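*Asks:* Would you mind keeping the following structure in view while I ask a few things?
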Amino acid sequence: MFAVNEATMSERNFMQMLKARWERNNFVCVGLDSEYEKIPKVVRERSLPWKRAIVDFNRAIVNATKDFVCAYKPNSAFYEACGAEGVEALHETIAHIGDVAPEVPVILDAKRGDTKDTNIQYAKMAFVSYGADAITVNPYMGREPLEPFLSRKDKGVIVLCRTSNEGASEFQDRTVVPTAEEAMKWGIPIRPMPLYQLVAYRVVKEWNANGNCAVVVGATCPAELDEVSQIVSNMPILIPGIGAQGGNLEKTVKAGKDSHGAGMIINSSRGIIFASNGADFATVARRETEKLHNLINQYRK
């Protein structure tokens, strides 16, 4: 029911699409975390059943913001939690992006990571069923199980590295030491480092053979963002935490930009899509997206 034509999807290359958006000075990623209860009442009352309200809300947001974005990032949890109709809403949302903004890539924020056989199915879910251009993944089980994602040269594989949530330091900041073999292969000294740095080295030095990897680093930790940016060089960084989570934009841009002044996928979700709970929600979302767009480019200079 939800399958997307694979021949059509194979024409889309995440990294090429992303770089084309950067060339337009677009670095804003709008997170479509469209929780039904937070959707403006005017939409919920006129769009029934509830699935229609989510889809109509997302369509209005996309139509209003597509000029300023480098990507859209629906979080699958907000849709899958609603059962079959939520899955339909996510599918229709991604299809609409493909219709009205075919040049804008879609990142499925799913944070998947399991055994290889299971990840084969997750890759089909993300790239075939939904038609997403990239997916966020968890590195905890290592490289081999992630092969079904990494082998898709046209799709983005965005690896959790140093996240923006409370409690991220519980494991991510733990001190580890690279092996002598790793240090030799990667050209680094054998020294203690936080786990997130080891993840960054592993992704850029070992997992990015197809040039389709990126990492996630939160805007709420600009010092760590700067460290990871230096490690991964010109590899893209997905940066959540701007807006409602309180990340400092100026520090984020200065720490996260690559040697070309690009490299950033700066995500804002609630700060854009729920900036107004009135009938003007789409107009206000466009205004907030444009404001973020302009500030990013101001700080890039």
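The values are calculated or read from the model by the stated rules, or taken from the named source; none is laboratory data. What you see is a predicted model; the values in this text were computed from it and never measured. All Cβ positions, glycine included, derive from the backbone under ideal geometry; neighbour counts span all protein chains shown. For accessibility, only protein heavy atoms count, side chains too; no ligands or nucleic acids. Shrake-Rupley method; radii C 1.70, N 1.55, O 1.52, S 1.80 Å.
*Asks:* Tell me, in nm to one decimal, what length is gained between Asn210 and Glu35 on full extension, where the rule is 0.36 nm per residue of separation less the Cα-Cα distance?
*Replies:* Extending this stretch completely gives an extra 59.5 nm.
*Asks:* For region 153-194, state which trypsin sites (Lys or Arg not before Pro) are in a DSSP loop and have at most 13 other beta carbons lying within 10 Å of their beta carbon.
*Replies:* Qualifying residues, ordered by number: Lys153, Arg174.
*Asks:* Per residue, how much accessible area does region 142-301 have with a 1.4 Å probe, in Å²?
*Replies:* Using a 1.4 Å probe on heavy atoms only, each residue of region 142-301 averages 44 Å².
*Asks:* Now for a separate question. Between region 162-234 and region 246-301, how many Å separate their Cα centres?
*Replies:* Centre-to-centre (Cα) distance: 25 Å.
*Asks:* Another question, if that's okay. Which GluC sites (Glu not before Pro) does region 96-177 hold that lie in a coil by DSSP with at most 13 other beta carbons within 10 Å?
*Replies:* Glu103, Glu166
*Asks:* Rounded to whole Hz and in sequence order, give me ³J(HN,Hα) for region 251-261 from the Karplus expression 6.51 cos²θ - 1.76 cosθ + 1.60, θ = phi - 60°, writing x for Gly and Pro.
*Replies:* 5, 4, 5, 5, 7, x, 6, 8, 5, 9, x
*Asks:* With contacts defined as alpha carbon pairs under 8 Å and 6 or more residues apart, what's the relative contact order of region 181-273 in percent?
*Replies:* Over region 181-273, the number comes to 24 percent.
*Asks:* State the Kirkwood hydrodynamic radius of region 123-212 in Å, one decimal place, computed from all pairs of distinct Cα atoms.
*Replies:* Hydrodynamic radius (Kirkwood, Cα pairs) of region 123-212 is 14.3 Å.
*Asks:* Using modelled amide H (1.01 Å from N, peptide plane; none on Pro or chain starts), what sits under 5 Å from the amide H of Phe27, excluding residues fewer than 5 places away?
*Replies:* When sequence neighbours closer than 5 places are left aside, the close amide H contacts are Cys70.
*Asks:* Whose amide H sits under 5 Å from the amide H of Val159, counting only residues 5 or more places off or on another chain, with H placed in the peptide plane?
*Replies:* Here the answer is Val137, Ala214, Val215, Val216, since their amide H atoms fall under 5 Å of that of Val159.
*Asks:* Run the accessible area of the chain with a 1.4 Å probe and give the carbon-and-sulfur part as a rounded percent.
*Replies:* C and S atoms contribute 49 percent here.
*Asks:* Contour minus end-to-end for Asn25 and Ala279, with contour as 0.36 nm per residue of separation and end-to-end as the Cα-Cα distance?
*Replies:* 88.5 nm is the gain from fully extending Asn25 to Ala279.
*Asks:* How high is the relative contact order of the chain, given as a whole-number percent (alpha carbon pairs under 8 Å, six or more residues apart)?
*Replies:* Relative contact order comes out at 21 percent.
*Asks:* Could you work out how much longer the chain between Glu170 and Thr115 gets when fully extended? Use 0.36 nm per residue separation minus the Cα distance between them, nm to one decimal.
*Replies:* That pair, Glu170 and Thr115, stretches by 17.4 nm at full extension.
*Asks:* Sorted from largest down, what three extents in whole angstroms do the Cα atoms of the chain have along their principal axes?
*Replies:* 63, 43, 35
*Asks:* For region 83-235, what relative contact order do you get, as a whole percent, if you take Cα pairs closer than 8 Å and at least 6 residues apart?
*Replies:* Value for region 83-235: 20 percent.
*Asks:* Keeping all protein chains in the complex and leaving out DNA, RNA and ligands, what accessible area do you get for His91 with a 1.4 Å probe, in Å² to the nearest 10?
*Replies:* His91 has an accessible surface of roughly 40 Å² with all protein chains in place.
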